[in-house]
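See below for the structure under consideration.
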Amino acid sequence: MRRRSFLTLGASVPLFSVFSSSGCSSSDSGPAMDSGAPLDSSTDTGADANVADTSADAIAEADVTPSLETLPALPLLKNESTTPGLFQATLRAAPIKLPFLGGTTEFWAYNGSVPGPMVVVREGDRVKIRLENGLASQPTIIHWHGLEIPPDQDGLPMSAIAAGKTFDYDFTIPEGTAGTYWYHPHPHMLTAEQAARGLAGVFLILPKGADPLPAYEEKVLMIEDLKLAADGSIADSDAKDRMNGREGNHLVINGAEKPTIAITAGTKQRWRIINACSARFFRFTIPGHKLTLVGTDGGLLGAPVEVDEVFLAPAMRAEIIVTGTGSAGSRVAVKSLSYDRGRMIGNLISLDTDLATLAYRDDAPGTSPAIPTTLRPITALAAGPKVQRIEFAEALVSGEMTFLINGKSWDMARIDWTEQVGVTTEWDVVNTGNMDHPFHAHGGSFQIVSRTIGGVTTPETLLAWRDMANTKSTETVRIRMRLPTTGLRVVHCHILEHENQGMMATFDVKA
Ligand SMILES: [Cu+2]
């Protein structure tokens, strides 16, 4: 089986890649996802049935570009069920030592892999995943970021389990929610540390019916930000990290630093990009290439939009079509452009950064089907019966910076406001602070209606399902959200250090 040779090859070229401890074992890794074929169903339990056979390609690339690593495939979380429509698996969070940057780093990982294994399920599937907390002493819980599932399955801090305990998730994937999601820990005041130490993974929902997009070659790009100390260990967060949000010294995609992504001239590829960083804001672009935005946090758009760049605040996702307009054998940097996210300790301006290399294969140019002009219907939500104000603030309290929502630090025992199930709610997310705060709501998807800054209101022109909305200093973002289930939900800033320090609020969705 050639996938094994690919992973073995990867392990023998230890440049920057983080590998699964079980990476050479085909039984654990499942089908490779750096795929030359479209993704296939979760309910397929045959480990090899959908193996994307790009290993020969990977070997050729490694031969010609020894200084850059091919984008690693994400391991798949293997479905242990043989029942159609049921996905059953275990995720164990535990410390593990993995080779990285020529040394060894202790990560905290799901099933020994950084990023964690990718979950691939289908709309309508029942998902039964057991979480085992193998961490030495901390409680943990998994939040399925963006999934529209009941509050007791959502992984709220209130659901955290102690070290050594297990939590059995059991939920059904709602129809109409196909898209690119992810999972990460959410225990009170410990989310930032656990994510920084490696606990996060991709969660893909495939459509139940036919995919509106043709079967382009697919890539999943999980961008993470690792901060290593001089000895190769994951660095502890310092005061600056807690104030600004933690930025690391190694941006990695699927565990590889500045990997090479192969494309055949003339063809199109579908990229699913996940910003899993705590405080990195990307203006994702490929110079000389038009990108086609086809999806956001909550799945496909109504129609594709041609763009020069894609903005990804922390926790945001995008699906784009990359059209290989370059020539065979050429290479171009995949970049993030400079971005100013305000002021806290210093001015928070990131410079142009190379994220990866798009490398055109030497083979003969190919072709791909055209991108459909429409993808799926999205109906704009109507205005709600009230407008709830949700205000992000930074405040000095007793000489210490605190991060607040509506003037309060999160309290697990407090309900901050109520909503009514089945009624669209309208929220004004107001940023009175000095820096960007990326807003996240649990429990489903919302639509951005408008943005107001400097007294000027700009209607949002892109009708899209999201669970993230970035707010800039002094900006108000109006959103509308559907609330399909009752129970407690939270909203918070997705700079995880801010969430840790209280920038979170609880609302109760009443029957
Ligand atoms: Cu924040």
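The values are calculated or read from the model by the stated rules, or taken from the named source; none is laboratory data. All values reported here derive from a predicted model rather than from experimental measurement. Ideal geometry is used to build each Cβ from the backbone, glycine not excepted, and the neighbour counts take in all protein chains shown.
Okay, here's what the table says:
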read-out: Selection from region 451-475 of residues that are β-branched (Val, Ile, Thr) and either assigned to a helix (DSSP H, G or I) or surrounded by 19 or more Cβ atoms within 10 Å (Cβ to Cβ) (or both); value: Thr471
read-out: Residue, farthest from His289 (Cα to Cα), within region 339-357, restricted to residues that are among the small types (Gly, Ala, Ser) and surrounded by 12 or more Cβ atoms within 10 Å (Cβ to Cβ); value: Gly342
read-out: Of residues in region 261-301 being of a type in the set (Val, Ile, Thr) and not in a strand (DSSP E or B), the one nearest to Leu351 (Cα to Cα); value: Ile286
read-out: Filtered residue count, region 433-467, keeping only those that are out of contact with any helix residue (DSSP H, G or I) (no Cβ under 9 Å at 6 or more places or on another chain) and within 12 Å of the ligand (Cβ to nearest atom); value: 5
read-out: Cβ pairs under 7 Å, 6+ apart, first in region 361-379 and among the charged types (D, E, K, R), second in a loop (DSSP other than H, G, I, E, B); value: Arg361/Thr264; Arg361/Ala328; Asp362/Ala328; Asp362/Gly329; Asp363/Thr264; Asp363/Ala328; Arg376/Pro212
read-out: Residue match in region 281-297 (condition: touching a Lys or Arg at 6+ places or on another chain (Cβ under 6 Å), of a type in the set (Gly, Ala, Ser) and modelled with pLDDT of 95 or more); value: no
read-out: Qualifying residue in region 200-211 (condition: farther than 30 Å from Gly324 by Cα and touching a strand residue (DSSP E or B) at 6+ places or on another chain (Cβ under 9 Å)); value: yes
read-out: Residue count for region 422-432, restricted to those that are within 16 Å of the ligand (Cβ to nearest atom) and of a type in the set (A, V, I, L, M); value: 2
read-out: Single residue of Pro214, Pro187 found to be of a type outside the set (Ser, Thr, Tyr), crowded, with 22+ Cβ neighbours inside 10 Å and either out of contact with any strand residue (DSSP E or B) (no Cβ under 9 Å at 6 or more places or on another chain) or over 21 Å from Leu251 (Cβ atoms) (or both); value: Pro187
read-out: Contacts under 9 angstrom Cβ, first residue in region 488-506 being over 19 Å from Asp238 (Cβ atoms) and more than 8 Å from the ligand (Cβ to nearest atom), partner among the small types (Gly, Ala, Ser) and outside any loop (DSSP other than H, G, I, E, B), 6 or more apart; value: Arg489/Ala441; Val490/Ala441; Val490/Ala505; Val491/Ala441; Val491/Ala505; His492/Ala441; His492/Ala505
read-out: Pairs, first among the hydroxyl-bearing types (Ser, Thr, Tyr) in region 89-115, second in a loop (DSSP other than H, G, I, E, B), C-beta under 7 Å, six or more apart; value: Thr104/Gly232; Thr105/Gly232; Thr105/Ser233; Tyr110/Gly116; Tyr110/Pro117; Tyr110/Leu199; Ser113/Ser20; Ser113/Pro75
read-out: Ile371 away from the ligand (no atom under 13 Å from the Cβ) and hydrophobic (A, V, I, L, M, F, W, C); value: yes
read-out: Failed condition for Arg414, given (1) in contact (Cβ under 8 Å) with a residue 40 or more places away in the chain; (2) over 20 Å from Asn275 (Cβ atoms); (3) not in a loop (DSSP other than H, G, I, E, B); value: (3)
read-out: Given (1) modelled with pLDDT of 95 or more; (2) assigned to a strand (DSSP E or B), index of the condition Leu381 fails; value: (2)
read-out: Residue, surrounded by the fewest Cβ atoms within 10 Å (Cβ to Cβ), within region 374-409, restricted to residues that are among the hydrophobic types (A, V, I, L, M, F, W, C), under 26 Å from Val449 (Cβ atoms) and within 16 Å of the ligand (Cβ to nearest atom); value: Ala393
read-out: Residue in region 468-485 that is nearest to the ligand (Cβ to nearest atom), counting only those that are more than 22 Å from the chain's Cα centre (by Cα), at pLDDT 95 or above and of a type in the set (Ser, Thr, Tyr); value: Ser473
read-out: Matching entry among Ala395, Ala356 (being of a type outside the set (S, T, N, Q), in a strand (DSSP E or B), touching a Ser or Thr at 6+ places or on another chain (Cβ under 8 Å) and in the same structural domain as Gly266 (by TED's automatic domain parsing)); value: Ala356
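Results for (1) of a type in the set (S, T, N, Q); (2) part of a helix (DSSP H, G or I); (3) in contact (Cβ under 8 Å) with a residue 12 or more places away in the chain, shown as yes or no for each residue.
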| position | (1), (2), (3) |
| --- | --- |
| Asp168 | no, no, yes |
| Phe171 | no, no, yes |
| Thr180 | yes, no, yes |
| Tyr183 | no, no, yes |
| Glu193 | no, yes, yes |
| Ile205 | no, no, yes |
| Ala210 | no, no, no |
| Leu213 | no, no, yes |
| Met222 | no, no, yes |
